[in-house]
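Written below as structure tokens is the structure these notes are about.
Please treat every number below as a calculation from the coordinates, not as lab data. As the structure is a prediction and not an experimental result, all values here were calculated from the model. Cβ: placed from backbone, ideal geometry, glycine included. Neighbour counts: every protein chain shown.
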Amino acid sequence: MFRRSIYKSPAELRAMRAAGAATAAALAEARRLIAVGATPLELDAAAERVIVERGGRSNFQLEPGYRHTLCVSVDDDVVHGIPGDRPFRPGDLVSVDGGAEVDGWNGDAAFTVVLDDPTRPDVVASRRELARVTEHALWTGIAALARARHLNEVGAAIEEAVQASGEYGILLDYVGHGIGRRMHEEPPVFNYAVDRRGPAVKPGLVVAIEPMIVAGAIETFIRDDGWTVTTSDGSDAAHVEHSVAVHADGVWVLTAEDGGAAGLEPFGITPIPIA
Ligand code: MG
């Protein structure tokens, strides 16, 4: 069977910028709308509107059986939560995942936020710390990609960052992925150290890095809706993601509005736009 190379050409990398930008804009709109009383379905509709305005379509809706633009996973739900009409509540830990396809190319990204709850400051603080650790793990992984010779250095760096941050768990059964003509492509991008080195990190590699971090045990189950991945012990979970391109001049975070400049700055890395 013919298999397309995992490495994109310079022209293909340029073509992926629009999908990344549409994904970033859709998630920015979802982030702007998250508030106590708002509903996941409202975020979902707004994100779809942004993607369509930019000439794209939701790539999550291209997944067989999935009808939404976003996944919205609250508290102990890790990923793949189906947007519903239950309003967000104070203190909710919300992970929002979404993606756009533009001109046949894909973007995929996610963020996690914690809503204010003045009556439960301890809960809010521990959830914000989980979100911070997860975000830090993502940027550590992106920074590792910028310097890596082989892809699995990313997972090793993520694992090290999470372990240095406290008693957190990394899901083993769900990992990042290559991205391009399809949202999910080879190669897998582990969030932990594995024995294999993985493919060479060189110009043309585009991957979605997406640590899924839990405050308790790493076992999960899928809810009766057939989609939502939830921690078995009911502990909190967070998920963040970016689609990142390696090109001739450096790395560029396709799904970050600043290309990853702010997130990579603490690592001494400056993302370079794809020329
Ligand atoms: Mg993904």
Could you tell me whether the stretch 67-76 includes any residue that is touching a residue at least 24 places away in the same chain (Cβ under 8 Å), polar (S, T, N, Q) and either assigned to a loop (DSSP other than H, G, I, E, B) or away from the ligand (no atom under 16 Å from the Cβ) (or both)? yes
Within the stretch 112-153, track down each residue that is surrounded by fewer than 23 Cβ atoms within 10 Å (Cβ to Cβ) and either acidic (Asp, Glu) or in contact with a His (Cβ under 7 Å, 6 or more places away or on another chain) (or both). ASP116, ASP117, ASP122, GLU129, GLU135, GLU153
Given the conditions (1) assigned to a helix (DSSP H, G or I); (2) closer than 14 Å to VAL113 by Cα; (3) in contact with a strand residue (DSSP E or B) (Cβ under 7 Å, 6 or more places away or on another chain), every one holds for GLU29 apart from (3)
Scanning the stretch 179-211 for residues that are in contact (Cβ under 8 Å) with a residue 60 or more places away in the chain and of a type in the set (Lys, Arg), which turns out nearest to the ligand (Cβ to nearest atom)? ARG182
Residues of the stretch 33-71 being under 24 Å from HIS184 (Cβ atoms), aliphatic (A, V, I, L, M) and touching a Pro at 6+ places or on another chain (Cβ under 9 Å), which ones? LEU43, LEU70
If you check VAL246, VAL229, which single one turns out to be of a type in the set (A, V, I, L, M), surrounded by 20 or more Cβ atoms within 10 Å (Cβ to Cβ) and more than 15 Å from the ligand (Cβ to nearest atom)? VAL246
With respect to ASP224, determine if the residue is over 20 Å from PRO40 (Cβ atoms) and either assigned to a strand (DSSP E or B) or acidic (Asp, Glu) (or both). no
Residue check, VAL214 touching a strand residue (DSSP E or B) at 6+ places or on another chain (Cβ under 9 Å), within 16 Å of the ligand (Cβ to nearest atom) and either within 20 Å of ALA110 (Cα to Cα) or touching a residue at least 12 places away in the same chain (Cβ under 8 Å) (or both): no
Among the residues of the stretch 232-243 satisfying the criterion of being farther than 18 Å from THR140 by Cβ and not acidic (Asp, Glu), which is farthest from the ligand (Cβ to nearest atom)? GLY234
State all residues of the stretch 234-270 that are in a loop (DSSP other than H, G, I, E, B) and in contact (Cβ under 8 Å) with a residue 40 or more places away in the chain; if no residue qualifies, say none. GLY234, SER235, ASP236, VAL240, ALA248, LEU254, THR255, ALA256, GLU257, GLY260, ILE269
Restricting attention to the stretch 249-268, which residues are away from the ligand (no atom under 16 Å from the Cβ) and under 19 Å from PRO10 (Cα atoms)? ASP249, GLY250, VAL251, TRP252, GLY259
The correct count of residues that are farther than 20 Å from VAL246 by Cβ and surrounded by fewer than 17 Cβ atoms within 10 Å (Cβ to Cβ) in the stretch 1-30 is 3
Return yes or no: is GLY166 of a type outside the set (A, V, I, L, M, F, W, C) and either in contact with a strand residue (DSSP E or B) (Cβ under 9 Å, 6 or more places away or on another chain) or touching a residue at least 40 places away in the same chain (Cβ under 8 Å) (or both)? no
State whether one or more residues within the stretch 28-45 are closer than 15 Å to VAL253 by Cβ and not charged (D, E, K, R). yes
Here the residues within the stretch 50-66 that are surrounded by fewer than 24 Cβ atoms within 10 Å (Cβ to Cβ) and part of a loop (DSSP other than H, G, I, E, B) are ARG54, GLY55, GLU63, PRO64, GLY65, TYR66
